[in-house]
Structures are given as C-alpha cells and as structure tokens.
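The values are calculated or read from the model by the stated rules, or taken from the named source; none is laboratory data. Because the structure is predicted, anything quoted here is derived from the model rather than measured. A quick note on method: Cβ atoms are made from the backbone with ideal geometry, for glycine too, and the neighbour counts reach across all protein chains shown. Protein only, heavy atoms only, side chains kept; ligands, DNA and RNA dropped before computing areas. Shrake-Rupley method; radii C 1.70, N 1.55, O 1.52, S 1.80 Å.
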Number of protein chains: 2
Amino acid sequence: MNIHDIAKLSGYSAATVSRVINCRKYVSDNAKLAVQKVIKEYDYVPNDVARDLSKGKTHNIGVVMPHTKHPYYTGIINGIMDAAFPAGYRIVLLPSMYNADVEMNYLNRLRRKAYDAIIFTSHGISLEDLVNYQTYGSIVCCHDPGNYKISAAYTERIDSYLAAFKWAKEQNVHDVSILLSRDFTLSATSQLTRKAFSDVFGHAPSNDLLRTGIVTYEDGYASARSLHENNQTPDMIFSNGDDIAAGARQFYLDNNLPVPMLIGQENQLSGQLLNLPTIDHNFHEIGRLAFELAISDETKQVSVESKFILRNQKDCSDS
Amino acid sequence: MNIHDIAKLSGYSAATVSRVINCRKYVSDNAKLAVQKVIKEYDYVPNDVARDLSKGKTHNIGVVMPHTKHPYYTGIINGIMDAAFPAGYRIVLLPSMYNADVEMNYLNRLRRKAYDAIIFTSHGISLEDLVNYQTYGSIVCCHDPGNYKISAAYTERIDSYLAAFKWAKEQNVHDVSILLSRDFTLSATSQLTRKAFSDVFGHAPSNDLLRTGIVTYEDGYASARSLHENNQTPDMIFSNGDDIAAGARQFYLDNNLPVPMLIGQENQLSGQLLNLPTIDHNFHEIGRLAFELAISDETKQVSVESKFILRNQKDCSDS
DNA sequence: TTAATTTCTGGAACGCGTTTCAGGTCAAGT
DNA sequence: ACTTGACCTGAAACGCGTTCCAGAAATTAA
C-alpha cells in the first residue's frame with residue numbers, strides 16, 4: 001500500500017494525495033475528503049525512507065563518541081538530545097573507540113546521506129580529514145579547532161585549569177600527579193592541562209606522575225596503584241573526572257595509605273559526595289550548541305567557559 | 001553523480017555497476033575494472049537512503065527511553081550498543097518522557113519503516129498498543145510482559161527484592177520508606193517491589209513512607225526532606241537507585257539528622273563509594289539481549305537474574 | 001557434436017514520496 | 001468584455017540503488 005494505491009483508490013493523483021498528506025495549499029475540499037477517507041480506510045502511512053530520499057534529508061544527526069562509559073559523552077549527548085528533540089531531529093549513536101577506520105566509515109556515511117550532519121564529540125582521525133569532509137555535509141567538532149575552518153562547540157578550559165592549579169599551588173603541593181584520558185601528543189585538552197600546569201608551577205608536570213588512558217573509576221584506582229608501586233607519593237592528584245579521582249582515593253583507603261589531595265573534573269555525583277574540588281565543563285550546553293551548529297549552514301565556533309568549583313571543604317579522606 | 005551516471009560513463013549498465021559495488025558474482029573482470037575506474041575517478045559513493053529504500057531495511061534500531069538522566073537507561077543503551085555495533089546496526093535515541101503521543105509517534109515511525117525495530121526500555125502507553133503494533137515491525141520491551149505475546153528482555157527481580165527485604169528484616173527495621181520511579185498502578189516493577197515487601201514483612205508498605213516520581217540524586221534528597229517535613233522517621237530507605245539513596249543520605253547529613261539504613265539499586269558508583277547494599281539488575285546484559293531479540297524474527301521472552309549485593313559493611317553514615 | 005550449464009549483461013520494474021510544469025477553471029479587477 | 005491572478009489537478013520526472021528476467025555467450029558434460 002503506497003501513495004499510488006491511495007491515489008487510484010481515491011480517484012485522484014499521487015500528487016494530490018501527497019498534498020493532502022502534507023497539508024499543502026491548492027487542494028479542494030472534495031479532494032481532501034476523498035483522499036483522507038481512503039487513507040483512513042486502508043490505514044495508510046507514508047514511507048519515511050522514501051520521503052527522506054526524495055527530500056534529501058533524514059533528520060538524523062550522527063554523534064560519534066569514542067566510548068560510552070565516560071560522562072563527558074553522556075553529558076554532551078544529553079545536551080544534543082534536549083536540543084534535537086524539539087527540533088524534530090533524532091540522534092544516532094556512533095561508537096568509534098578512536099578507531100580511524102570506524103570514524104572514516106562514519107564520515108562516508110555522511111557522504112552517503114545517511115545523516116544530515118555529524119557531531120564528533122572527540123576524534124581519532126586528523127582535524128584535516130574532518131575539514132575536508134565538510135564538502136559532504138555539516139560536521140561539528142567539540143574542541144577548539146584553532147585555525148581550521150570547521151564548526152565547533154567547545155569549552156574554554158584554560159582559565160579553569162589555571163584556577164585549579166593556582167589553588168593547588170596555594171595548598172603547597174609539590175608532587176602533582178596528572179591523570180589524563182589521552183596523551184599530550186594526541187589531545188589538545190591534555191596539552192592545555194600541561195600548559196596551565198607549567199604556567200602556574202613554572203615547570204612541566206612530572207612524567208613519573210603522569211598516567212594516560214584513564215577514563216573510569218577503575219582506571220583511577222589502577223592509576224593510584226601504579227603510582228604506589230612505582231614508589232611515587234604525589235601530594236595531589238589532578239584527574240580528568242571526579243569518578244577517576246574517587247577511584248584513586250579508594251585505592252589509598254583500601255591500603256590504609258594517606259590520601260593525597262584530589263581535584264576532579266566534570267562535576268559528577270561522586271565529586272559531590274566526596275566534596276572534591278572539580279571543574280565543570282558545561283557539557284550539556286556544549287551539546288546544545290553542537291546541535292545548533294550541526295543544523296545550521298554557517299561554519300562557526302562557539303565556546304562556553306568552564307568553572308573551577310571549590311566546594312565547602314570538609315575532610316575528603318574519610319570513608 | 002549517481003549509479004546511472006557511473007553506468008553511462010563506464011559503458012555498462014546500472015545493474016552491473018550495482019553488482020560491482022556489492023561484490024556480486026557474474027561480473028567479468030573487464031566490467032569490474034572499468035566500473036571501478038570510473039567510480040574512483042569520480043569519487044562516487046552510493047546513496048544509503050536509496051539503498052535502504054530499495055532493500056526495505058535501514059539497520060537502524062530505535063530505542064525509546066523516558067528520560068536520559070537515569071543510569072537504568074544508559075546501562076541498557078550501552079548493552080544495546082555493544083551488541084549493535086559489531087552487527088552493523090545503529091541505534092537511534094528516542095526520548096519519550098513517558099508521553100503517550102510521543103511514544104505513539106515513534107511506533108508510527110516504525111510503521112513508516114524509519115527503523116527496523118524498536119526497543120522500549122520503558123513505556124507509558126499500554127502493552128496492548130505495543131503488542132498490536134508488532135504487525136508493523138519488531139518491538140521489544142524490557143519488562144516481563146506476562147501473557148502478552150511480545151518479545152521482551154528483562155530482569156527477574158523478585159528474588160533479589162525478596163533477598164533485600166529479608167536482609168532488611170534481619171536488621172530489625174520497622175519503618176521502611178520506599179522511593180519509586182513510578183506509582184504502583186503504573187509500573188509492574190513497583191508492584192513487584194510492593195509484593196516482595198508484603199511477602200517478607202507480612203503487611204503492605206506504608207503509604208506515608210512512600211514517594212514516587214523519584215529518579216535522581218536530587219529527587220532522593222527532596223524525598224528525604226519531604227519525609228522529614230511530614231514527621232516521618234524511617235529507619236530504612238529502600239530506593240530505586242544508589243544515587244537516589246545517596247541523595248537521601250545527604251539530606252540527613254546536611255541537617256545533622258541520623259541517617260537511616262539505605263538500600264540502593266543499579267550498583268552505581270555512588271553505592272560503591274558509600275558501601276550501600278544494592279541490587280544489580282544486569283542492565284548491560286538486558287541491552288544485549290534486547291538487541292538480539294530486536295533483529296530476530298522470533299517473538300520470545302528472555303530474562304536474567306538480578307542480584308542483591310551486600311558489600312562489606314563499613315559505617316555508611318559518615319561523610 | 002549436441003545438450004546442459006554457467007557466466008555476463010542490461011532493460012525495465014520496483015521500492016515510494018515529492019515536485020515541477022503545463023493545462024484548465026473560476027472569480028475578482030478594470 | 002477582457003485581463004489578471006489565484007486555485008486545482010495530474011502526468012511525468014526526480015531522488016537512487018536493487019533485483020528480476022530474458023537473452024546472449026562461453027563452458028562443460030555427455
């Protein structure tokens with residue numbers, strides 16, 4: 001049962017049926033009634049894929065995310081969804097695991113018109129590739145693209161990082177362990193972290209106290225163990241997530257070791273429960289903005305500020 | 001640039017080009033080479049929407065979720081994704097807010113072939129509606145459908161609920177507050193909670209100690225306040241999420257009130273941090289199973305056991 | 001050397017809705 | 001009475017890839 005069947009049954013043409021369905025002008029009352037009757041009688045609904053093909057638009061936005069565990073991504077996703085839903089767009093989850101082939105595959109699906117636009121919450125392939133693929137559709141990334149001409153919604157992190165490290169310095173810490181999601185060489189965010197640290201402390205962060213590939217509570221726990229096993233005793237751990245900080249803390253507690261000071265990120269519930277200083281990167285807002293950019297024709301960059309949050313300082317080391 | 005253009009340029013027909021693209025048999029080496037050359041030269045990629053239309057399949061699975069904040073949904077989503085990705089399916093997020101019109105709209109989009117199947121992590125419309133819409137595509141729900149003929153992947157909760165309440169009884173608690181996501185009348189899960197409670201305690205849970213519509217940490221906090229303001233002093237709070245329990249706990253701490261015993265659910269990080277007894281509903285596995293059902297032709301029900309988890313009991317009331 | 005396969009290939013139909021365009025009607029304006 | 005413009009309508013083209021079927025050519029089997 002398709003639009004042509006309805007046309008035949010109602011005695012009108014497919015064009016008229018299409019007009020009725022889409023509430024277009026230039027349809028007589030007679031035609032409208034006749035068509036609606038048949039549609040109702042046969043319980044007809046139009047095929048969305050055919051419509052998408054015809055219109056050249058799917059109302060689907062692909063959202064590429066390296067993994068799903070990290071709240072960074074769920075935060076952005078929520079922001080995107082909250083903006084996409086009222087606008088009549090759907091979001092398609094595209095897990096990438098930072099795999100270049102997989103990401104390329106998604107870009108090609110953009111070319112193939114499977115999505116109207118694609119948002120990279122993060123990406124393993126080069127920014128240059130992303131920029132080049134813009135010929136085939138709207139692409140948005142979620143970090144500062146520097147001089148590259150590409151739409152981006154991201155958090156301006158430097159001030160909050162500086163604030164965090166300044167506060168750290170005021171606490172008279174000397175050995176700061178930094179836990180990162182990705183290595184300095186791979187991630188602009190990681191580079192920024194290093195820069196902020198260096199600016200405040202006057203020297204680069206120690207490699208002995210650095211751990212990368214850290215994403216979850218469990219990773220945080222393992223990092224602390226690794227530090228301990230390498231006889232490193234940082235007096236502060238700066239991590240890229242409250243959950244991660246919580247994991248590290250747990251390792252020390254479990255082993256009756258003194259817990260270093262902790263700074264988290266993402267303003268997660270764990271941080272709230274443990275009263276950790278944290279950095280809120282406003283991911284929900286980033287998601288909203290990314291969506292707006294995705295469906296707009298302009299190529300532009302928008303950013304929001306992140307905030308270093310010092311909670312009322314109770315003791316953080318108790319269980 | 002479409003397949004017909006490629007056909008013309010290569011001197012072969014669209015049918016042959018299609019065969020080359022899809023690596024079908026019955027193509028001569030000459031034809032293959034010629035077509036591939038033109039495809040490469042013009043950097044042609046086929047249109048996915050046209051292909052979907054032609055094949056009558058989108059490889060998209062719609063996943064309806066009432067809201068995005070609750071880890072119940074993110075857990076299932078992760079399970080679905082982990083299964084869908086290797087199978088070449090994508091998942092489309094469909095927020096519903098338990099709104100019947102919205103959910104109906106998604107069901108209609110299934111009819112309209114926008115999705116190959118649809119998974120309801122939860123639903124506001126009647127199970128009967130869901131059952132009826134199966135004519136139009138594969139539908140999976142995530143709770144025990146009773147006698148209704150519909151595919152379902154869900155957690156068998158009764159044993160863990162019983163175990164939890166039995167443990168509670170052993171702790172000699174008398175006034176158990178129950179915090180639920182949805183009212184008994186609306187939710188089978190809520191009914192089960194009540195049944196388990198009644199079975200163990202020999203009487204129905206107190207309405208004065210019941211709160212519904214509770215989903216987040218903040219809701220948990222508000223519930224505790226509400227209980228307090230109504231002069232209710234439960235000696236245990238049974239909540240539908242560790243985060244929620246954590247929220248309730250925080251209210252008591254903030255007001256220097258004794259913290260009742262707590263039982264959480266979902267085995268969340270907050271529960272881990274606070275050493276809460278919890279119930280793990282195995283949502284990741286539910287997601288996996290739901291996906292398998294979604295792409296299979298059979299209509300069947302599968303369930304997994306949930307587990308009551310009693311952690312090593314440290315004191316839960318400190319900060 | 002036939003008969004029977006298997007391999008190639010392309011025209012045309014199919015999946016299905018949208019849109020353009022041309023042709024026609026009818027009421028309002030001059 | 002004549003022009004103008006708004007209103008209706010449908011055939012056909014368009015978006016684009018897949019597949020069935022028929023016919024031709026090349027092998028293989030007998």
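Structure notes:
- When B:183, B:219, B:208 are screened for being open to solvent by 20 Å² or more (accessible area, probe 1.4 Å) and part of a helix (DSSP H, G or I), only B:219 passes.
- Failed condition for residue B:228, given (1) in a helix (DSSP H, G or I); (2) open to solvent by less than 30 Å² (accessible area, probe 1.4 Å): (2)
- Near pairs, Cβ below 7 angstrom, 6+ apart or cross-chain, from region B:182-205 (over 19 Å from residue B:122 (Cβ atoms)) to any residue that is small (Gly, Ala, Ser) and surrounded by 13 or more Cβ atoms within 10 Å (Cβ to Cβ): B:204/B:198
- Residue within region A:146-164 that is more than 30 Å from residue A:292 (Cβ to Cβ) and either modelled with pLDDT of 95 or more or open to solvent by 30 Å² or more (accessible area, probe 1.4 Å) (or both) present: no
- Any chance residue B:135 is part of a loop (DSSP other than H, G, I, E, B), surrounded by fewer than 19 Cβ atoms within 10 Å (Cβ to Cβ) and at pLDDT below 95: no
- Complete set of residues in region B:114-124 that are open to solvent by 10 Å² or more (accessible area, probe 1.4 Å) and either at pLDDT below 95 or under 16 Å from the mean Cα position of the chain (by Cα) (or both): B:122, B:123, B:124
- Looking at region A:1-104, the helices (runs of 4 or more DSSP H) lying wholly inside it that each contain 2 or more residues that are open to solvent by 70 Å² or more (accessible area, probe 1.4 Å) sit at A:3-10, A:29-42, A:48-55.
- Counting only helices (runs of 4 or more DSSP H) that sit completely within region A:238-319, those holding 1 or more residues that are away from every other protein chain (no Cβ under 14 Å) correspond to A:283-295.
- Failed item in (1) outside the structural domain of residue B:220 (by TED's automatic domain parsing); (2) farther than 20 Å from residue B:304 by Cβ, with residue B:80 passing the rest: (2)
- Residue A:26 touching a strand residue (DSSP E or B) at 6+ places or on another chain (Cβ under 6 Å) and more than 9 Å from chain B (Cβ to nearest Cβ): no
Every residue, every condition in (1) at pLDDT below 95; (2) within 15 Å of DNA strand D (Cβ to nearest atom); (3) under 30 Å from residue A:71 (Cα atoms); (4) within 13 Å of another protein chain (Cβ to nearest Cβ), yes or no:
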position	(1), (2), (3), (4)
B:18	no, yes, no, no
B:59	no, yes, yes, yes
B:90	no, no, yes, yes
B:97	yes, no, yes, yes
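- Within region A:105-132, considering residues that are assigned to a loop (DSSP other than H, G, I, E, B) and under 17 Å from residue A:186 (Cα atoms), the one farthest from the other protein chains (Cβ to nearest Cβ): A:126
Results for (1) in contact with a Lys or Arg (Cβ under 6 Å, 6 or more places away or on another chain); (2) within 11 Å of DNA strand C (Cβ to nearest atom), shown as yes or no for each residue.
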position	(1), (2)
B:4	no, yes
B:8	no, yes
B:16	no, yes
B:42	no, no
B:53	no, yes
B:60	yes, no
B:68	no, no
